[in-house]
Amino acid sequence: MSTTTKDDFDPIPSTRHRIHVGVGSLRQAEQETDAIAVPVAADGETPAELGSDPAALASAGFTGQRGQSLVQPRADGPVRVAVGIGTGREIDVALVRDLAADFARAVPYHRRLAVEVPSGDVGVSVADFAQAVTEGVLLARWRYFLGRDADRPTLESLLVVASDSDAEQARAGVERGRLVAEACSLGRDLANCPAATLSAVRMAEIAVDVGTASGLEVEVYDKDQLIAMGCGGLLGVNRGSVQPPRMVRLRYQPENPTGRIALIGKGIMYDSGGISLKPSDESHAQMKNDMTGAATVLASMTALRDLGCTAAVTGYLMCTDNMPSGSAMMLGDVLRMRNGTTVEVLNTDAEGRLVMADGLALATEEPVDAIVDIATLTGACLRTFGIEIAGVMGNHAAVVEQLRRAGDTVDEPVWELPLHRSYRSQLDSPIADMTNMGGVNAGSITAALFLEEFVGGLPWAHIDIAGTAQSPEAKGWRNKGATGFGTRLLIEFALRFARPRDGSGAATP
Ligand code: BES
Ligand code: ZN
Ligand code: ZN
């Protein structure tokens, strides 16, 4: 389908740009880089390379507090960048990642950066330190910009400085960090890309390209195939659009898999609300990112092979936009979903659950140990948790717990809400199996109870990223705009996946 103007953009520009990441000596950093990070604790000694005089730094407004950075100019050689660690905080991976991001943002025009891995025991292993540094620097310098200075010098290289004895560990960490950061960058590119450029058809084309290149098997289903398959939710939402829908199935299939996971992503390329039109406010203006769930499923899966994931993973991207028009879904319409359930549509803006229902039902049709869906599903989740924490709900405690742990590990935290059955009656319909809308309150929970109807009792958890998908400012690893939240979480979940045993996950009441 052609667009009305000739304006077209590369939807995934960051994938064209290779950043060289490696491990080397301090000497190499002196000779081959433009800026070297020097972490400074507010309550510690001032490092000799910064002149050892805290008063001199303080006169420039730098006291070592978190969030502070100070670039020390040099006549020749790389500048030193003091980065504040703050006080009394133990070093952990999340702090290292965020400090590396602070450093990389403090020198936005320097192209070759260096960060040293401390020798000795700092509470984080060399490999994890190197990985976190790589993620922090690459994610902080990731950028999606379609304007005039789009060709601003970007990051060329990152050198992680390590002693000879640590070099091998550091190299392994740097490589993992690069893979993870590249996946997250892809997720961000997709979620930032305007809907006029990134249609469902284009999204499927990208899934074929990047999926195949990363060793995935990719199948694309068009409208006729979706009709034959009875995917009434995806088709219903698509009815108002001039752009056809796409469902993409991605398969990562290692030999002798240690478990089987299905990932389902909400791929609403643009959510206008449909006939239940959204007001033209700030939240509507970010609805090009309503496909972040699908983006994170695709993005995370591109890293599985190279990270040596031993679980088999099948991904489902449920893609369409949600538009009002003469052919759009009307309030009161009844849709028949893939698993035969009928749904009365009482609000066309509650479209995410409709497309996810088909994806979940499809996932149950193959052998699977756990189903995880991820979606910018409810404004209520944004209200509940704000932008730093995602909601999680499920029918299986062990799956929820594995997601929670993965989120903590990668600093993409998720927090559980109760999937309480007593709210289920809010979805009762007089003319169909259920409606697509609960009451005014507990919106994230009723949305998850809706989804639960499509998982056939299999172990399942749902992640609501409505709040975390977007950030109004750059902070730590998060950038302004689409954050890619969920990509690193899903990677970690898949890498550490342990098949939940029967009965090991007592369902919530
Ligand atoms: N895509 C939105 C949810 C959303 C809102 C994400 C704000 C990010 C920020 C979703 O499709 C939606 O509109 N949900 C409605 C559901 C309601 C009509 C039952 C909502 O949350 O208001
Ligand atoms: Zn909506
Ligand atoms: Zn939506």
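The values are calculated or read from the model by the stated rules, or taken from the named source; none is laboratory data. None of the values given here were measured: they were computed from a predicted structure. Ideal geometry is used to build each Cβ from the backbone, glycine not excepted, and the neighbour counts take in all protein chains shown. Just so you know, the surface numbers come from the protein's heavy atoms only, side chains and all, with ligands and any DNA or RNA stripped out. Shrake-Rupley method; radii C 1.70, N 1.55, O 1.52, S 1.80 Å.
Want the number for residue 222 to residue 109: 0.36 nm per residue separation, take away the alpha-carbon distance, what's left?
36.2 nm
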Taking a crude spin-label model, label points 7 Å out from Cα along the C-beta direction, the residue 331 to residue 501 distance in nm is 5.1 nm
In degrees, nearest 10, the alpha-carbon axis of helix 292-301 is tilted away from the dominant principal axis of the alpha carbons of the chain by 60 degrees
Ranking 166, 271 from most to least accessible area with a 1.4 Å probe gives 166, 271
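Using a simple charge model, +1 on the beta-carbon of Lys and Arg, -1 on the beta-carbon of Asp and Glu, nothing else, what dipole does region 194-495 show about its Cα centre, in debye to the nearest 20?
Dipole about the Cα centre, nearest 20: 200 debye.
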Karplus-derived 3J(HN,Hα) from phi for region 344-354 (6.51 cos²θ - 1.76 cosθ + 1.60, θ = phi - 60°), whole Hz, x at Gly and Pro, runs 8, 8, 9, 7, 6, 7, 8, 8, x, 5, 5
Per residue, accessible area of region 194-495 with a 1.4 Å probe, heavy atoms of protein chains only, in Å², comes to 34 Å²
CD proxy, 222 nm, the chain: helix-only mean residue ellipticity via -39,500 (n - 2.57) per DSSP H run with n ≥ 4, per residue, nearest 500, stands at -9500 deg cm²/dmol
For region 72-158, the accessible surface attributable to carbon and sulfur atoms (probe 1.4 angstrom, ligands and nucleic acids excluded) amounts in percent to 48 percent
Among 195, 315, 15, the residue whose Cα sits farthest towards the positive end of the charge dipole of the chain (+1 at Cβ of Lys and Arg, -1 at Cβ of Asp and Glu, taken about the Cα centre) is 195
Across the chain, qualifying lysine pairs (alpha carbons under 22 Å, at least 8 places apart or different chains) come out at 9
Computed over the chain: longest principal axis from alpha-carbon atoms vs helix 397-410 long axis, angle to nearest 10 degrees, is 30 degrees
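Counting only GluC sites (Glu not before Pro) that sit in a DSSP loop (anything but H, G, I, E, B) with at most 12 other Cβ atoms within 10 Å, what is the longest stretch of the chain containing none of them?
With a cap of 12 other Cβ atoms within 10 Å, the longest stretch comes to 91-254.
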Net charge (Lys, Arg +1; Asp, Glu -1) of residues whose beta-carbon lies under 11 Å from that of residue 377, residue 377 excluded, is -3
Per the rule of 0.36 nm per residue minus the C-alpha distance, extending residue 16 to residue 30 adds in nm 2.2 nm
Percent antiparallel among DSSP beta bridges confined to the chain, rounded to 5, stands at 35 percent
Given Cβ charges of +1 for Lys and Arg and -1 for Asp and Glu, the option among 158, 145, 59 whose Cα lies farthest towards the positive end of the dipole of region 13-181 is 145
Expected field for residue 331, accessible surface area in Å² at 1.4 Å probe radius, rounded to 10, holds 100 Å²
Diffusion coefficient in µm²/s returned for the chain by Stokes-Einstein, Kirkwood Rh over C-alpha pairs, 25 °C and 0.890 mPa s, is 104 µm²/s
Expected unfolding gain across residue 145-residue 119 under the 0.36 nm per residue rule, minus the alpha-carbon gap, is 5.5 nm
Measuring from its Cα centre, the chain shows a charge dipole (+1 at each Lys and Arg Cβ, -1 at each Asp and Glu Cβ) which, in debye to the nearest 20, is 540 debye
Which residues qualify? For residue 35, with a placed amide H closer than 5 Å and at least 5 residues away or on another chain, they are 79, 112, 114
Per region 13-181, sqrt(5λ) over the Cα gyration tensor eigenvalues, sorted largest first, in Å, gives 23, 20, 15
Taking Lys and Arg as +1 and Asp and Glu as -1, residues besides residue 254 with C-beta under 11 Å from its C-beta add up to +2
Residues meeting the amide H criterion for residue 348 (H placed from the backbone, H to H distance under 5 Å, 5 or more places apart or on another chain) are 276
At 10 °C and 1.306 mPa s, the Stokes-Einstein diffusion coefficient in µm²/s for region 40-83, with hydrodynamic radius from the Kirkwood sum on alpha carbon pairs, is 149 µm²/s
Two pseudo-spin positions, 7 Å from Cα along C-beta at residue 53 and at residue 229, lie apart in nanometres by 6.9 nm
If one compares the long axis through the Cα atoms of helix 200-213 with the longest principal axis of the Cα atoms of the chain, the angle in degrees, nearest 10, works out at 50 degrees
Region 352-502: spread of alpha-carbon positions along the three principal axes, whole Å, largest first, is 49, 36, 23
In region 194-495, taking the dipole from +1 charges on Lys and Arg beta carbons and -1 charges on Asp and Glu beta carbons about the Cα centre, the listed residue (431, 446, 340) farthest towards the positive end is 446
Placing each pseudo-label 7 Å from Cα in the direction of the beta carbon, residue 8 and residue 310 end up separated by a distance in nanometres of 4.5 nm
